[in-house]
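For reference, the structure discussed in these notes is given below.
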Amino acid sequence: MKALTITYLVKNGVYVNLTNRCPCSCVFCLRQNGDGVAGSDSLWLEREPTLEEVCRSLDQWNLDERDEVVFCGYGEPTERLDVLLDVARYIRSKSGVKIRVNTNGLADLIWKEPTARKLEGLVDAVSISLNASDKETYFKLTRSKFGIESYDAMLRYAQDCVKYVPSVVMTIVDVVTSKEEQERCRRICEERGLKLRIRPYEK
Ligand code: SF4
């Protein structure tokens with residue numbers, strides 16, 4: 001079922017659902033398993049919300065009482081990078097709430113240019129899906145439309161983000177990675193000065 005769920009609550013965070021577009025088709029994507037997350041209505045958008053609609057939707061929450069605003073939803077938020085940045089500016093103009101982006105880290109491939117610097121001053125945290133310790137496994141899991149080179153581009157983007165964003169965390173999903181693979185991922189992050197979080201699979 002499609003709707004226009006633009007913002008929704010997860011714990012004490014306000015989540016923003018900008019788009020359903022994504023260059024990946026991950027085997028574990030929540031989009032394969034249902035319509036909503038954490039009790040929200042359908043996150044399948046009947047159309048993409050305008051900047052104005054996103055700001056009005058955010059106005060319904062007292063952001064100063066929330067832990068963070070998270071760009072997430074059913075899709076890759078950097079597909080709408082310009083809108084994301086404008087929304088972040090709007091949030092900054094009215095609240096000191098932390099702003100996080102959950103991303104697959106493929107923004108530079110989507111936009112065909114380095115994009116991490118655009119987050120400077122507007123985004124406090126970026127959470128990037130590492131997914132695997134090598135490009136072949138990554139490609140098998142994500143089925144990225146950009147192909148086998150996606151993995152290296154994602155890692156480059158992550159290292160770029162460290163220069164412009166205070167907190168950068170790489171994530172892998174526990175149930176789709178073995179202990180050995182988790183260890184390899186940990187080493188890859190350490191070598192690059194990145195933090196790793198092994199997160200539970202959310203249905
Ligand atoms: S990158 Fe995220 S939204 Fe896109 S297919 Fe993978 S899990 Fe789903």
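In table form, for the structure just shown:
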| quantity | calculated |
| --- | --- |
| Single condition Lys179 does not satisfy, out of (1) touching a residue at least 24 places away in the same chain (Cβ under 8 Å); (2) open to solvent by 30 Å² or more (accessible area, probe 1.4 Å) | (1) |
| Sole exception among (1) on the phi < 0 side of the Ramachandran plot; (2) more than 13 Å from the ligand (Cβ to nearest atom) for Ala107, by number | (2) |
| Among the candidates Thr142, Thr137, Thr103, residue that is β-branched (Val, Ile, Thr), under 22 Å from Leu30 (Cβ atoms) and open to solvent by 30 Å² or more (accessible area, probe 1.4 Å) | Thr137 |
| Condition broken by Ile99, with the remaining ones in (1) within 18 Å of Met154 (Cα to Cα); (2) away from the ligand (no atom under 16 Å from the Cβ); (3) assigned to a strand (DSSP E or B) satisfied | (1) |
| Complete set of residues in the stretch 46-96 that are within 16 Å of the ligand (Cβ to nearest atom) and either part of a helix (DSSP H, G or I) or of a type in the set (S, T, N, Q) (or both) | Pro77, Thr78, Glu79, Arg80, Leu81, Leu84 |
| Strands (runs of 3 or more DSSP E) contained entirely in the stretch 106-203, each with at least 2 residues that are of a type in the set (Ser, Thr, Tyr) | 125-129, 167-173 |
| For Leu155: the one exception among (1) under 22 Å from Pro200 (Cα atoms); (2) free of Cβ contacts under 8 Å to residues at least 60 places away in the same chain; (3) open to solvent by 50 Å² or more (accessible area, probe 1.4 Å) | (3) |
| Those residues of the stretch 42-54 which are modelled with pLDDT of 95 or more and buried (at least 18 other Cβ atoms within 10 Å of the Cβ), in sequence order | Glu48, Pro49, Val54 |
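The values are calculated or read from the model by the stated rules, or taken from the named source; none is laboratory data. Predicted model only: the values in this text are computed from it and were never measured. Heads up, the Cβs are rebuilt from the backbone with ideal geometry, glycines too, and the neighbour counts pull from every protein chain shown. Side chains included, ligands, DNA and RNA excluded: accessible areas come from the protein's heavy atoms. Shrake-Rupley method; radii C 1.70, N 1.55, O 1.52, S 1.80 Å.
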